[in-house]
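Since every read-out is calculated from the coordinates, none of them should be taken as a lab result. This is a predicted model, so every value here is computed, not measured. Positions of Cβ are generated from backbone atoms using ideal geometry, with glycine treated the same way; all protein chains shown enter the neighbour counts.
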Amino acid sequence: MADKVKNKRFVLRVTVLVIIALALGGALISAFMNDDTPVRVGEPAPDFRLDNVEGDSVRLSDFEGQGVFINFWATWCGPCREEMPDIQAQYEVFKDQGVEVLAVNIAESELAASRFAERLNLTFPILLDHDRTVTKQFEVGDIPSSFFIGPEGNVVDKHTGILTEDQIKAYMEKIRP
Amino acid sequence: MEQIRCECGHENPYGTEICQSCGKPFDNKQDILNMRYEGVARRSQTYNKSLVDRIWNFFASVRVGMTMLFILLVASILGTIYPQQMYIPQTVEPLLYYEEQYGQLGYLYALLGFHNLYSSWWYITLLVLIGISITIASIDRFIPLYRSLKRQGVRRHPSFMSRQRIFGKSEVDHPEKVMHRVKAQLQKQRYRVREEDGALLGEKARFNRWGPYVVHVGLIILLIGALIRIMPGVTMEEYMWIRDGETVPVPGTDRQFYVKSEGFDLDVYDETSAEEWVPEEFRTEAVLYENVAEDKMGEPQLEEIKRQTIKVNQPLKHDTLKLYQSDFILNEFSEFSFHVKHKQSGDILGEVTVDLYQPQSQYDLGGGNKVELIEYYPDFELDENQQPATKSNIPNNPAFIFEVTTPHVPEGEHSWIFVGQKIEAPGNENQYELSISDVQFNNVSGLMVREERVLPIIYTGLGIAMIGLMMCYYWQHRRIWIQQEGNEIWLAAHTHKNWYGMQKEVVKLIESTELMNPSHLKISKDFLDKEE
């Protein structure tokens, strides 16, 4: 009888300890997951819809089958102003090869964004994120911030900070269909 | 491990201090008996052989539990020295920010990860370890205690009786009659009475003993709630700025909800001066809408859900979503109006009103007179190349470049307008000038958006813990044993606490049944400073 009790006790203890180990593991995994952003390289990019400066509606999913370079910018951001001409130059090279640029302006007026684009002769779509929904969706902190979406809709790479023309070219080659 | 065989024939597990059947103490001493956990063998105190036992014993230790609680306390305090990362600007590098703001100590603070303390892996580990400790310590104590109290016999060993703190014996003439009277009186004093061959056990409020474990269950629920809370996607906390009259999506709800501000308002204490005013109350007239459109990314279709004034501590609530009044910006520029004047004649051609958030570009004044806003800098500055630029998208320091076209100047002329000054396009002598005729201001309300799904779990945990505490403190587990020993009647009593009350009940019992003279009662006075 004493052995039976001992056995029961051992089973109880092991069960409790296993449950606890699982709880601890779960808590730690969730803690680590906390550090991850929702837009992860290798995973599908979240779809969004914004109006461009002409007032037309643009969806990310419209560009399935093409490489998409999403650039978050604002007119008050010096490095954004600096890299725009380089993006335009590479856009002219790659747009016939199936690479689209979506320049998402963060919470500025349509006038400010469109005048800026006119001044720099930007020909790619300028999208207006008035309420920062997409900016938040992509967890954009520092700008310029760039996301490179492959033809099948996955995030191929992302980059925060100013890009050189060589980098832009390399990224566009990566997402070219 | 061998068993302890009592003289009554009961086999007790190794480590038992008092026979679980008859109550005979195994220590052969004469002093007051230690009644903790009914003298039962607690596993953690007896087995220490296998690894499982060692882990078990580690967590079952109150000392270990208290140490972990102390570390948790110190860590939680450390986390409040400087603001956590979520309260600093999101665009800056934390290490630099803390160093800049708080010096070397701040740098160290961020380096050690204290700026993200409450979701750090070690803080969570600590929470879980404390949960484990509470669980195991409770199982280790509760199960044997429960069994022991459930199985306790009525007739006790004489040495168990004589070693209780309240003990007395007396010779009586008709023991059976007295026992009968005593039983009735015990019941009258609301004891549950069990009887067994000439022995009585009166017991009261045994559930008091479960109090600590109920508290522990509550704490574990609380801890589980806290752990669920830090899992991604469970709790949402966002911040939003909303201008008077604006309708914007509530952040974090994927455009499910929109909120409109019908105006922000502020009351100021009368006593305060214009320079150092103190707000008495501030509030936002808010309307919450739900976007019922199938496609949340498309044009929203808004249905009003709720209309409420949001004040500090009076959030707008809808299910688990809460909007708190948190901050404000007063008198942000919202509109500038300009008079367009012919300089020579002084004639005013008309007025142009520019919305500083969403400015139009074309303004038709009629009669072939047109004004075009060709550049707009909400927060004007000169950049590193001395070119006009804007510092932010907030109209703190708006600057404009207008082009005025009239039948007299079909080619158009440019005017620069900064707040407070006008510059004409260099090299040209303008015929028209624009001057600010009116300025409109806006208030901006800062709302905190929270979605709490775990709060019910946390409140449940707290509620259970509170019930447990009440069980601990408002009742006492009291037992009175009375048994015939030859022609004597022995009485012993034990309580979990409040010995004074126990003593009074015993005195009442023996006086009303004439069981014995209260002076025969042996009361160990040391209980007064030795409450369990």
Fully extended contour minus Cα-Cα distance, from residue B:108 to residue B:379, at 0.36 nm per residue: 94.0 nm
Per-q log10 I(q)/I(0), segment B:335-437, q = 0.17, 0.20, 0.24 Å⁻¹ (Debye; single scatterer per alpha-carbon; no solvent): -0.75, -1.02, -1.39
Rounded to the nearest 20 debye, dipole of segment B:47-148 from Cβ charges on Lys, Arg, Asp, Glu: 720 debye
Inter-part distance where segment B:357-383 and segment B:458-484 are each reduced to a Cα centre, Å: 75 Å
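Given a cut-off of 51 Å, what percent of all Cα-Cα pairs of the protein assembly as shown lie beyond it?
Values: 102488 of 250986 pairs.
Tail fraction, whole percent: 41.
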Estimated inter-spin distance, residue A:123 and residue B:345, nm [label 7 Å along Cα→Cβ]: 4.6 nm
Top positive-direction residue, dipole computed over the protein assembly as shown with Cβ charges, set B:360, B:71, B:158: B:158
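Just to confirm a number: summing +1 for Lys and Arg and -1 for Asp and Glu over residues other than residue B:390 whose beta-carbon lies under 12 angstrom from that of residue B:390, what do you get? Don't jump to the answer; show the numbers that get you there.
Working: positive: A:81, A:115, B:391; negative: A:108, B:375, B:379, B:381, B:383.
Every neighbour counted, the sum reads -2.
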For peptides B:218-224, B:310-316, sequence by mean Cβ density within 10 Å, most packed first: B:218-224, B:310-316
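Quick one, can you get me the convex hull of the C-alpha atoms of segment A:49-175 expressed as volume per residue in Å³? Working shown, then result.
Values: hull volume 11.9 nm³, N = 127.
Output value, Cα hull per residue: 94 Å³.
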Charge tally in the Cβ shell below 10 Å around residue B:353, where Lys, Arg are +1 and Asp, Glu are -1, residue B:353 excluded: -4
Sum of -39500 (n - 2.57) over DSSP H runs of 4+, divided by residues of chain A (222 nm, nearest 500): -14000 deg cm²/dmol
Positive-end extreme of charge dipole, the protein assembly as shown - chosen from B:104, A:52, B:395 (charges on Cβ): B:104
DSSP H segments from chain B that extend 20 Å or more along their own axis, Cα-based, with Kyte-Doolittle mean of 0.5 or above: B:62-78, B:121-151, B:211-229, B:455-474
Segment A:49-175: antiparallel DSSP beta bridges as a percent of all, rounded to 5: 60 percent
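Please get the size of the charge dipole for the protein assembly as shown, origin at its Cα centre, with Cβ charges of +1 on Lys and Arg and -1 on Asp and Glu, quoted in debye to the nearest 20. If you can, show how the numbers build up before the last one.
Numbers: 72 positive and 100 negative charges, 1783 e Å.
The dipole of the protein assembly as shown has a size of about 8560 debye.
Using only the Cα atoms, work out Rg/Rh for segment B:217-337, with Rh taken as the Kirkwood radius, to two decimals.
Working: Rg = 18.1 Å, Rh = 16.9 Å.
Answer for segment B:217-337: 1.07.
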Viscosity 1.306 mPa s, temperature 10 °C, Stokes-Einstein D of segment B:47-148 from Kirkwood C-alpha radius, µm²/s: 99 µm²/s
Karplus (6.51, -1.76, 1.60) ³J(HN,Hα), θ = phi - 60°, over segment A:147-156, in Hz, Gly and Pro reported as x: 10, 10, 10, x, x, 8, x, 8, 6, 8
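What dipole magnitude, in Debye to the nearest 20, does segment B:335-437 give about its Cα centre under +1 on Lys/Arg Cβ and -1 on Asp/Glu Cβ?
Details: 5 positive and 17 negative charges, 47 e Å.
My answer is approximately 220 debye.
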Per-residue average of Cβ from other chains inside 10 Å of B:369-380: 2
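Using just the Cα positions, wrap chain B in a convex hull and report its mean projected area in square nanometres, one decimal place. Don't skip to the answer; put the middle values down first.
Values: hull surface 168.4 nm².
That works out to 42.1 nm².
What number, in percent, do you get for the relative contact order of segment B:47-148 if the mean sequence gap of Cα pairs under 8 Å and at least 6 apart is divided by its residue count?
Numbers: 66 pairs, mean separation 39.5, N = 102.
Here the relative contact order equals 39 percent.
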Backbone HN-Hα couplings from phi across segment B:235-242 [Karplus 6.51/-1.76/1.60, Hz, Gly and Pro as x]: 10, 10, 9, 9, 10, 9, 10, 9
Cα-based reach from residue B:522 at 16 Å (exclusive), listing lysines while leaving out same-chain residues under 8 positions away: B:169, B:504, B:508
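Can you list which of the DSSP-assigned H helices in chain A have a Cα extent of 20 Å or more along the long axis and an average Kyte-Doolittle score of at least -1.0?
On the way: long enough: A:2-33 (46 Å, 1.25); A:78-94 (25 Å, -0.75).
Taking the DSSP H segments of chain A (at least 20 Å long, mean hydropathy at least -1.0), we get A:2-33, A:78-94.
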Residue-count net charge about residue B:455 - beta-carbon cut-off 11 Å; Lys, Arg +1, Asp, Glu -1: +2
Partnerless Cys - the protein assembly as shown, beta-carbon criterion under 4.7 Å: B:472
Distant-in-sequence amide H partners of residue B:349 (H built 1.01 Å from N, under 5 Å): B:340, B:341, B:342
q = 0.21, 0.24 Å⁻¹, segment B:122-200: log10 I(q)/I(0) [Debye, one scatterer per Cα]: -1.12, -1.25
Segment A:49-175, relative contact order [Cα under 8 Å, separation at least 6], %: 34 percent
Under 5 Å, built H, 5+ apart or other chain: amide partners of residue B:437: B:337, B:338, B:339
